[in-house]
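Structure, as structure tokens:
The values are calculated or read from the model by the stated rules, or taken from the named source; none is laboratory data. Bear in mind the structure is a predicted one, so any value in this text is a computation, not a measurement. Neighbour counts are summed over all protein chains in view; Cβ atoms, including those assigned to glycine, are modelled from backbone coordinates with ideal geometry.
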Amino acid sequence: MALALLGASGAALGTDTPQQAEDEIVVIAARMKIINIEYALRGPWLKACNLDGTTGTPAADRAICMLLQQCLLDGKTRREEAKQCVNARIDDLANHRGTLPALVSEAALETAAAGQDSQADDAEKSDAIIVTGARHVINPGLWRFTEIGTYVSSMSGHHPPGTRQWEACIPDRRDDLAIRYAVEGPPRPAGTRMKRECHQWRITLSGRKFEGRLNCSRPNGGNSYGRMTGSVTGDTLEASAEHKTVSGRGLRGQGMQQPAFFATVKTELSGKRVAVCPSR
């Protein structure tokens, strides 16, 4: 089955206007809308998903199929319904740039479920991310990271997808820092408190491939866990991750005790070396 995301009425969503050039995420979202999708289904599940072009950002390419799958699971299985749904979710990416659903809503909902003050605890510091096996594959310089995330399931209902972009200076022979900076996201301004997020990734780099595992126990009895796979070259980094959270203890009934909050989030990440590091 083929899905052309834009009809004739979408021609105005090109990427050459000055306003779009000022915001790369808006440009990426516009490019996502001119990609045609060839896909096959088994029920509401994608059996195959192929694109006839590229946005120039591999994470955005992978996210197109991720958003399509989410629309199918929401019941939008007819071609025109799926097209409208995917276009709407791409618009959400542009409108919610700077945030990811998992990293914003999860902590707040977990805290509400536990009935605790959100300022009670700080998150793990960034050095909770442990990278082993680095072999100096990654070239030093200024790197730009683009990440796209969306809820696959959530007890609290629909959440729009989100995206964020940031830059980091990678020193020579520090592949471990490149992966840490990619996984922990944008740097926070000095003096700001860190949200209660789970950062305890354990990542192993083997040649040009890496794998990560996440497992965090929550003070309210919940748990966060995740898996990540990725690859690196001298000037690029690609990663796909799934992050699940089950938090709190719901009301005990006659049957199995239900969690107060659960969510599954998938993210796609692309990094590329864009320049030398600025002089200090």
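Points worth noting:
- Matching residues, region 229-248, being assigned to a strand (DSSP E or B), out of contact with any helix residue (DSSP H, G or I) (no Cβ under 9 Å at 6 or more places or on another chain) and not charged (D, E, K, R): 229, 231, 246
- Residue 15 modelled with pLDDT of 90 or more, under 24 Å from residue 164 (Cβ atoms) and surrounded by 14 or more Cβ atoms within 10 Å (Cβ to Cβ): no
- Residue within region 115-134 that is surrounded by 18 or more Cβ atoms within 10 Å (Cβ to Cβ), modelled with pLDDT of 85 or more and within 17 Å of the chain's Cα centre (by Cα) present: no
- Looking only at region 168-188, residues that are touching a residue at least 12 places away in the same chain (Cβ under 8 Å) and part of a loop (DSSP other than H, G, I, E, B) come to 7 in all.
- With respect to the stated conditions, residue 75 fails to be modelled with pLDDT of 90 or more, outside any helix (DSSP H, G or I) and either out of contact with any Phe, Trp or Tyr (no Cβ under 8 Å at 6 or more places or on another chain) or among the basic types (Lys, Arg) (or both).
- Looking only at region 140-164, and only at residues there that are in a strand (DSSP E or B) and at pLDDT 90 or above, the one that is surrounded by the fewest Cβ atoms within 10 Å (Cβ to Cβ): 142
- Residue in region 242-264 that is surrounded by 13 or more Cβ atoms within 10 Å (Cβ to Cβ), modelled with pLDDT of 90 or more and either under 23 Å from residue 64 (Cβ atoms) or in contact with a Leu (Cβ under 7 Å, 6 or more places away or on another chain) (or both) present: yes
- Residue, nearest to residue 147 (Cα to Cα), within region 53-78, restricted to residues that are β-branched (Val, Ile, Thr) and in contact (Cβ under 8 Å) with a residue 24 or more places away in the chain: 57
- Hits in region 203-222 - residues which are in contact with a Cys (Cβ under 7 Å, 6 or more places away or on another chain) and at pLDDT below 85: 216
- Residue count, region 18-43 (criterion: at pLDDT 90 or above, small (Gly, Ala, Ser) and not in a helix (DSSP H, G or I)): 1
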